[in-house]
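**Q** Structure in structure tokens, see below.
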Amino acid sequence: MKIAVLPGDGIGTEIVAEAVKVLNVLGLPLEMETALVGGAAYEAHGHPLPDSTLKLAKEADAVLFGAVGDWKYDKLDRPLRPEQAILGLRKNLGLFANFRPAICYEQLVGASSLKPELIAGLDILIIRELTGDIYFGQPRGRRIAADGHFPGAEEAFDTMRYSKPEIERIAHVAFQAARKRSKRVTSVDKANVLETFQFWKDVVTEVHAQYPDVELQHMYVDNAAMQLVKAPKAFDVIVTGNMFGDILSDEASMLTGSIGMLPSASLNSKGQGLYEPSHGSAPDIAGKGIANPLATILSAAMMLRFSLNQEASAVRIEAAVQKVLAQGLRTGDIYSEGTTRVSTREMGDAVVKVL
Ligand code: NAD
């Protein structure tokens with residue numbers, strides 16, 4: 001089982017180190033190879049996704065990814081910015097389905113900004129399409145400056161598009177995932193305003209005919225954003241496009257207490273996947289040893305489940321995370337009075353000790 005380990009920038013290196021420690025105590029035949037990505041790769045090789053890193057990722061069964069980005073790269077030409085590495089990996093590996101489970105752990109009910117009764121027992125799954133939509137459309141503008149800004153321009157626009165096969169395959173993923181849960185899918189669109197999303201709605205409805213046992217509901221994205229904080233437990237599986245999914249999944253992250261708790265998986269049609277925490281490189285806390293490594297550790301569990309066929313080990317990791325939370329251990333982002341504040345490394349060590 002070959003894993004490409006790409007820690008990236010900022011807290012990426014700190015949190016991935018903890019996940020690797022956890023993977024190493026499972027007693028599995030894992031072969032892990034590390035490579036540079038993002039700003040770190042740009043500094044060393046002049047590109048955020050060097051060929052050698054892409055090759056390693058393509059040849060691996062799974063990629064364990066930290067995070068990329070730093071504000072100091074904001075002035076770089078857009079294709080050289082660290083964030084392009086993640087877009088390049090998604091595109092080159094064909095990672096079209098992004099799974100973001102938002103689970104509220106009993107011990108963290110108090111850490112959310114929402115009332116405990118709204119989120120206690122929350123377990124929803126957001127499935128975001130990753131390779132289409134406006135993020136991969138044609139950007140147009142009078143590109144004057146090399147840094148990607150448009151001084152003096154009168155307009156700029158990006159085109160939004162989805163093809164039928166792209167919508168069909170993500171709809172199948174959502175209905176199949178729902179079959180393993182409570183068989184309810186909410187497809188989120190903006191069909192009242194955008195042609196692309198009327199098309200989305202039509203295609204999802206068409207695919208639904210093959211899943212009569214699953215209930216399908218359509219919801220406009222503005223309403224979905226509201227319902228997510230009003231009555232989040234009313235959802236089970238949410239499926240949506242790239243941009244709406246980006247925004248809604250960050251919103252959902254706060255339901256669980258902290259973005260530092262949220263894992264994610266991005267899968268292609270061969271079951272190969274890239275596993276990363278839902279958060280970014282957090283330059284504001286990088287190097288301080290205070291980042292929460294649990295989202296990355298839980299991402300490693302998803303990797304074992306979805307790409308490496310090691311369900312038992314995935315369950316072991318998830319149970320170990322529950323146990324350290326029950327022991328009262330908390331990094332700063334989920335700390336509350338009466339609990340014990342620990343560092344990134346101490347949190348990783350605690351999970352290892354339980355395992
Ligand atoms: P961010 O997710 O990095 O941070 C947002 C806030 O959450 C910050 O206050 C940060 O300290 C906190 N936070 C994030 N992860 C945490 C953790 N594990 N433990 C404790 N606190 C945590 O988002 P941002 O500040 O908007 O972006 C910073 C950089 O990350 C940017 O360059 C952005 O482009 C990049 N980014 C990368 C990815 C990715 O690699 N996939 C995703 C999002 C943002």
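**Q** Calculate the FRET efficiency for residue 181 and residue 353 from the Cβ-Cβ distance with a Förster distance of 45 Å, rounded to the nearest 0.05.
**A** FRET efficiency, residue 181 to residue 353: 0.90.
**Q** Antiparallel as a % of all DSSP beta bridges within the range 109-261, to the nearest 5? Provide the component values of the computation, followed by the final result.
**A** Numbers: 3 of 17 bridges.
The antiparallel proportion sits near 20 percent.
**Q** Which order, highest average first, do 250-261, 65-76 follow once you tally other Cβ atoms within 10 Å for each residue and take the mean per peptide? Can you show the working numbers first?
**A** Values: 250-261: 22.0, 65-76: 20.0.
Ranking the peptides 250-261, 65-76 by packing returns 250-261, 65-76.
**Q** Here is a further query. Taking a threshold of 22 Å on the Cα-Cα distance, which of the pairs 2/180; 2/91; 190/270; 183/233; 21/353 fall above it?
**A** Numbers: 2/180 27 Å; 2/91 20 Å; 190/270 30 Å; 183/233 14 Å; 21/353 11 Å.
Table pairs above 22 Å Cα-Cα are 2/180; 190/270.
**Q** Between 203, 25, 239, where does the largest GNM mean-square fluctuation fall for the chain, given springs only between Cα atoms within less than 10 Å?
**A** Ranking 203, 25, 239 by mean-square fluctuation puts 25 first.
**Q** Another question about this same structure. Sorted by packing (mean other beta-carbon atoms within 10 Å per residue), highest first, where do 304-310, 270-276 land?
**A** Values: 304-310: 20.1, 270-276: 21.9.
Output ranking for 304-310, 270-276: 270-276, 304-310.
**Q** Counting only DSSP beta bridges with both residues in the chain, tell me the antiparallel percent, nearest 5. Don't jump to the answer; show the numbers that get you there.
**A** Numbers: 18 of 46 bridges.
Antiparallel bridges: around 40 percent, rounded to the nearest 5.
**Q** Now for a different question. How big is D for the range 300-355, in µm² s⁻¹ as a whole number, if Stokes-Einstein is applied with the Kirkwood radius of its Cα pairs at 37 °C and 0.692 mPa s?
**A** Numbers: Rh = 11.9 Å.
D, rounded to a whole number, is 275 µm²/s.
**Q** Could you name the lysines in cross-link range of residue 230, using Cα to Cα under 17 Å and dropping any fewer than eight places away on the same chain?
**A** Of all the lysines, those that pass the test against residue 230 - Cα under 17 Å, at least 8 places apart if same chain - are 115.
**Q** Let me ask another. Please work out the C-alpha center-to-center distance from the range 297-355 to the range 187-227 and express it in whole Å.
**A** Value for the Cα centre distance between the two parts: 35 Å.
**Q** Place the peptides 161-167, 283-289 in order of packing, highest mean first, counting for every residue the other Cβ atoms within 10 Å and averaging per peptide. Mind dumping the intermediate values first?
**A** Working: 161-167: 16.3, 283-289: 14.1.
By packing density, highest mean first, the sequence is 161-167, 283-289.
**Q** OK, next. Pick out the long, greasy-scoring helices in the chain: whole DSSP H runs spanning 15 Å or more along their own axis by Cα, mean Kyte-Doolittle at least 1.6.
**A** Numbers: long enough: 12-24 (18 Å, 0.69); 83-93 (16 Å, -0.15); 164-179 (23 Å, -0.31); 195-208 (20 Å, -0.37); 242-255 (20 Å, 0.32); 294-306 (18 Å, 1.68); 311-326 (22 Å, 0.64); 344-354 (16 Å, -0.02).
Counting only whole DSSP H runs, the qualifying helices are 294-306.
**Q** Ok, one more. Label-point separation (nm) for residue 284 and residue 59, each offset 7 Å from Cα along Cα-to-Cβ?
**A** Label-label distance for residue 284 and residue 59, simple model: 4.1 nm.
**Q** Continuing with the same structure: Full-extension gain between residue 28 and residue 225, please, as 0.36 nm times their residue separation minus the C-alpha to C-alpha distance.
**A** Values: separation 197, 0.36 × 197 = 70.92 nm, distance 4.09 nm.
Between residue 28 and residue 225, full extension yields 66.8 nm more.
**Q** Mind checking which aspartates and glutamates have their C-alpha under 20 Å from residue 164, skipping anything on the same chain fewer than 8 residues away?
**A** 129, 133, 189, 195, 202, 206
**Q** Once the mean 1/r over all distinct Cα pairs of the chain is inverted, what Kirkwood radius in angstroms do you read off? Present the calculation step by step, with values, prior to reporting the outcome.
**A** Numbers: mean 1/r = 0.0478 Å⁻¹.
Here the Kirkwood hydrodynamic radius works out to 20.9 Å.
**Q** Cα centroids of the range 263-277 and the range 88-130: how far apart, whole angstrom?
**A** Computed from Cα coordinates, the inter-centre distance equals 14 Å.
**Q** Given 5 Å bins starting at zero, what is the percent of C-alpha pairs of the range 109-261 in each, up to the one with the largest pair distance?
**A** Per 5 Å bin, starting at zero, the Cα-Cα P(r) for the range 109-261 comes out as 2, 9, 17, 18, 17, 13, 10, 7, 4, 2, 1, 0 percent.
**Q** Using a Förster distance of 25 Å, how high is the FRET efficiency between residue 195 and residue 78, based on the Cβ-Cβ distance and rounded to 0.05?
**A** On the way: r = 27 Å, r/R0 = 1.07.
Approximately 0.40, to the nearest 0.05.
**Q** Shifting gears a bit: Apply 1/(1 + (r/R0)^6) to the Cβ-Cβ distance of residue 251 and residue 106, taking R0 = 25 Å, and write down the FRET efficiency to the nearest 0.05.
**A** 0.70
Just so you know, all these numbers are worked out from the coordinates, no wet-lab data involved. All figures in this text were calculated on a predicted structure; none of them were measured in a lab. Because the Cβ atoms are built from the backbone with ideal geometry, glycine has one as well, and the counts that use them run over all protein chains shown.
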